[in-house]
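Readers should treat all values here as calculations from the given coordinates under stated rules, not as data from a laboratory. On a predicted model such as this, the values are computed, not experimentally measured, just so you know.
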């Protein structure tokens with residue numbers, strides 16, 4: 001059970017980082033996210 005949860009969390013993190021990295025700096029700014037904070041935001045998403 002733990003393995004499945006960890007995998008899902010890892011996928012959510014990876015997908016979130018990928019999605020945010022695909023945004024322009026302007027789009028990130030509109031969301032209030034600095035590019036350097038993407039990993040932290042993704043960690044909070046899980």
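Assorted remarks:
- Helical contribution to [θ] at 222 nm, DSSP H n ≥ 4, -39,500 (n - 2.57), averaged over the chain, rounded to 500: -23500 deg cm²/dmol
- Grouping the Cα pair distances of the chain into 10 Å bins from zero gives a pair-distance distribution of 29, 48, 17, 6, 0 percent in increasing distance order.
- Over the chain, relative contact order from alpha-carbon pairs under 8 Å, at least 6 apart, %: 49 percent
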